[in-house]
Each structure stands twice: as C-alpha cells, then as structure tokens.
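What follows is a single structure, written as structure tokens, with notes after it.
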Amino acid sequence: MRAGPELESLPFVSKLRVGVLVSHNGSNLRALHRAASQPEAPFEVVAVISNNSGSPGLAYARENRIATRHLSGRTHPDPEQLDSAICATFVGHSVELIVTAGYMKKLGPRTREQFAPRILNIHPALLPRFGGPGMHGNHVHQAVLDSGDSVSGPSVHIVEDEYDTGEVIAQLEVPVLADDTVDTLAARVLTAEHTLLPLVVQQIATRQMSVGQRRL
Ligand code: GRF
C-alpha cells in the first residue's frame with residue numbers, strides 16, 4: 001500500500017530491506033553494512049549474493065551473520081535458472097532495494113522485472129561520460145586520466161538492461177590531481193563511493209529521495 005502524504009511525513013517505522021550483489025572485494029558492502037549498523041539506521045542489509053564463492057565480500061557477510069548465497073554459472077549453468085534463483089533469494093528475504101556493488105555480471109530479466117526500478121549500481125566515474133561496456137575497474141580511471149578532466153567521482157544509477165545506462169540519481173565529485181596514477185585516482189574515488197552509497201540508500205529509506213516514479 002502506498003502511504004498518503006500525511007503518512008509520508010511520519011518517521012519510518014520499519015527498516016528498508018536491502019539486498020546486495022558483489023563479485024570481489026566488497027568494500028562498498030562493508031560501507032553499507034557499517035552505516036546500517038549505526039543506531040537508528042533506516043535500512044538493513046538482509047541478503048548478500050555473489051557469483052564468486054571466494055569473494056571477500058561474501059566472507060564478510062557470513063562473518064557478520066548476513067544471509068548469503070553463492071549463485072553463479074557454476075551453481076546454475078542455465079542463465080534463466082540462475083536469474084530465477086537470484087530473484088527468489090531476494091524475494092524470500094523480502095528485499096525492497098537491490099544494490100549491485102562491484103557485481104561483474106548482468107542481472108537477468110526476471111530479477112529486473114521483479115525489482116525495477118529498485119535496483120541501484122555504483123559506478124566509479126561520472127556517468128554518462130565514462131560508462132558502458134569495458135568501462136570497469138582500472139579502464140575507467142585510465143579513461144578519465146586520458147581525457148584530461150579535472151574531476152571524477154562515483155555515480156549511483158538505476159540498473160537497466162544495458163551497462164551504465166539507467167538514470168543517474170547521485171554523484172560525488174573528487175578532484176583529479178596532476179600527478180594521479182590509476183591507483184591513486186581509484187583509491188580517491190573508492191573512498192567517495194563509501195560516503196555516497198550509504199547516503200543514497202539512507203535517503204531512499206527515509207524518503208528524502210525517490211527511485212524512478214515510485215516512492216519506496
Ligand atoms: C567499485 O569501484 C564500484 O564502483 C565498481 O566496482 C568496485 C567495487 O569495489 N562497480 P568493492 O568490491 O565494493 O570494493
């Protein structure tokens with residue numbers, strides 16, 4: 001049921017349930033979980049899925065007693081079944097918002113249809129300029145350095161069918177310094193990601209920000 005205006009002005013009564021997909025390190029997952037662990041946090045991380053059984057992000061989630069699943073082409077060779085398993089896992093945990101945080105795979109149509117537009121991705125550069133196929137990891141930061149731009153920074157956007165095409169809902173600028181390397185720029189952007197992502201999820205949870213046409 002959608003709350004009327006009088007209810008929307010009330011403080012939240014239940015925490016927004018967030019599901020996260022990771023592939024490797026999971027530092028954004030840790031930033032989200034840290035924010036969710038603060039007293040009065042308006043959201044909680046209730047399920048973590050990884051396509052990589054050895055992902056440090058998955059290990060972190062297990063250690064912190066978050067429900068986890070390894071779901072990949074190894075566990076589900078049929079892409080449709082994999083998509084269904086991902087969707088069913090998040091539905092089973094009553095997830096209201098999905099965050100792909102360093103998830104190196106595309107989500108399948110079933111998951112997208114079930115949750116759209118409530119699927120966010122964090123990208124390590126300013127979209128739409130530095131996005132699209134191949135624009136991941138160090139390639140993105142190299143492209144920014146090659147462009148000669150004096151600013152970079154993470155973007156949070158809604159996930160659509162194609163890579164990095166969905167509506168950008170938040171960005172945080174950081175400077176590109178004259179002596180930056182890919183590594184120094186990547187580290188500065190990642191630090192900004194850890195500020196931006198929890199802030200966006202918090203604002204969605206407290207209804208200061210809406211996702212797509214629907215309010216959560
Ligand atoms: C981040 O830079 C994110 O923007 C990109 O992948 C990286 C994931 O880092 N999509 P981590 O796994 O959260 O540490």
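Okay, here's what the table says:
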{"read-out": "Filter pass, Ser84 being assigned to a loop (DSSP other than H, G, I, E, B), without any contact (Cβ under 8 Å) to a residue 40 or more places away in the chain and either small (Gly, Ala, Ser) or under 21 Å from Gln202 (Cα atoms) (or both)", "value": "no"}
{"read-out": "Within the range 162-190, tally of residues that are aliphatic (A, V, I, L, M), surrounded by 13 or more Cβ atoms within 10 Å (Cβ to Cβ) and part of a loop (DSSP other than H, G, I, E, B)", "value": "2"}
{"read-out": "One residue from Ser23, Ser27 being in contact with a Ser or Thr (Cβ under 8 Å, 6 or more places away or on another chain), polar (S, T, N, Q) and either surrounded by 15 or more Cβ atoms within 10 Å (Cβ to Cβ) or touching a residue at least 24 places away in the same chain (Cβ under 8 Å) (or both)", "value": "Ser23"}
{"read-out": "Of all residues making up the range 133-167, the number that are among the charged types (D, E, K, R) and at pLDDT 95 or above", "value": "2"}
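The values are calculated or read from the model by the stated rules, or taken from the named source; none is laboratory data. The structure displayed is predicted, hence computed values, not measured ones. Here the Cβ is made from the backbone with ideal geometry for all residues, glycine too, and neighbour counts use every protein chain on show.
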